[in-house]
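Contents: one structure, followed by commentary.
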Amino acid sequence: MAVLVLATGSAFAQERPKSVAVATECARLLDRLEPADRKLAPPRHDQIELIRAFLEHHPADAARVCVLKLRTRLGTLLLHAGELEAAREAFADVVKDVPPDQRDLPGQHDFLGRARYGQAQALELLDRPNEARALLEEIQAQHAGERYAKFARVALERLLPRKGVGPFAGLQAPPLNTEPLVDLDERQHSLRSYANRPVVLVFWSPAIESSISRLQSVAAGWTRAGGRLDTVLAIALSTSREAVVSAREKCRLAMPLIACDDEFLHPAALAYRVTKVPTVVLIGSNGTVLGRDLPVREIERVVGLAR
């Protein structure tokens, strides 16, 4: 019996330092990924690789709270990067690895809500609406009264089959959001704001130089064809307001700029099936989609016809 007690105590002594070491290493990585000055954060691709490397070295610690936080962050980063199947798998792993006897604990329950909703977003963009709807209904049942249930309700409304509604040419342009989008100058924007006027949506990111160049060239072509600059709506996805302000000053961007630094993908990105930036969508004065990711010369032609 004495030997058993000693062995158990020894095992506990070995497990405790290991637990502390994993938590410390995890905290250091999170500090690196989330510095006080957000400008010092590593690029998204580097963050993905750092987290993957950590998880590969700690395969037996998948259910630890600190590790679950990193795994959830990995899913979000992959979702924002447009790596949809990898994001779905990452979120599914979080759901699988939360211990059954801990699923009702507040912290663990939040991980489950995030992971389930992240999966649903990935499934929606992967054009698997039936699976997305089933998961959203599960969220409503399992997370009633929480923000994830609200997210799920909005997403289910968006996924209702409606004839003639969609993000492609010739179809009615879907709403940008349930609430108006607010730009850097606190002005509100919705498609109703542009009734009887053509508008161009540019989904971009200040962290991706090619998307800034695309935004500038689209705006130039749009105005050359007689369009108004205030009808070029630049929606910056998965980025901070500070980064968008910096890009406006550095690149002299004069069109309405909207920062969408949501934890998940913004509803506008889902409604318009944006899986990459830049993405450009032209909407006519009658509210129908005129084209998507057209060359600037074609944009000028279409805008000239639509005015």
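Here are a few things to note about the model shown:
- Other-chain or far-sequence residues with amide H under 5 Å of residue 173's (modelled H): 288, 289
- Checked against a 28 Å cut-off, the cross-linked pairs 39/150; 39/96; 96/150; 250/276 give Cα-Cα distances beyond that limit for 39/150; 39/96.
- C-alpha long axis of helix 2-33 to longest principal axis of the chain, angle in °: 20 degrees
- FRET efficiency, residue 154 to residue 276 (Cβ-Cβ, R0 25 Å, nearest 0.05): 0.60
- For segment 196-303, applying the loop criterion from DSSP together with a ceiling of 16 other beta carbons within 10 Å to the GluC sites (Glu not before Pro) yields 263.
- Available extension along the chain between residue 37 and residue 101 is 19.2 nm, counting 0.36 nm per residue and deducting the alpha carbon span.
- Between the helical axis of 65-80 and the longest alpha-carbon principal axis of the chain there is an angle of about 20 degrees.
- Partnerless cysteines in the chain, where a partner means another cysteine C-beta under 4.7 angstrom, comprise 251, 260.
- Cα gyration tensor category, rounded, prolate or oblate, for segment 175-293 with a/c compared to 1.5: rounded
- Within the chain, the percentage of alpha carbon pairs spaced more than 33 angstrom apart rounds to 33%.
- Within segment 125-176, chymotrypsin sites (Phe, Trp or Tyr not before Pro) in DSSP loop having at most 14 other beta-carbon neighbours inside 10 Å: 168
- Angle between the chain longest axis and helix 241-251 axis [Cα atoms, degrees, rounded to 10]: 40 degrees
- Apportionment of accessible area to carbon and sulfur, the chain, percent (1.4 Å): 53 percent
- Taking the DSSP bridge list for segment 101-254 and keeping only pairs wholly inside it, about 25 percent are antiparallel.
- Length added when fully stretched, residue 286-residue 127, from 0.36 nm per residue minus Cα-Cα: 54.5 nm
- Where only DSSP H runs of four or more residues are counted, the chain gives -17500 deg cm²/dmol as its mean residue ellipticity at 222 nm, each run worth -39500 (n - 2.57).
- To the nearest 10, the accessible area of residue 194 is 10 Å² with a 1.4 Å probe.
- In segment 188-287, trypsin sites (Lys or Arg not before Pro) in a DSSP loop with at most 10 other beta-carbon atoms within 10 Å: 252
- Per-residue HN-Hα couplings for segment 185-199 [Karplus 6.51, -1.76, 1.60; θ = phi - 60°; Hz; x = Gly/Pro]: 9, 6, 8, 8, 9, 8, 4, 5, 4, 10, 4, 6, 9, x, 9
- Average accessible surface for the chain: 52 Å² per residue, computed with a 1.4 Å probe over protein heavy atoms with every protein chain in place.
The values are calculated or read from the model by the stated rules, or taken from the named source; none is laboratory data. All of these numbers come straight from a predicted model, not from anything done at the bench. Cβ: placed from backbone, ideal geometry, glycine included. Neighbour counts: every protein chain shown. Protein only, heavy atoms only, side chains kept; ligands, DNA and RNA dropped before computing areas. Shrake-Rupley method; radii C 1.70, N 1.55, O 1.52, S 1.80 Å.
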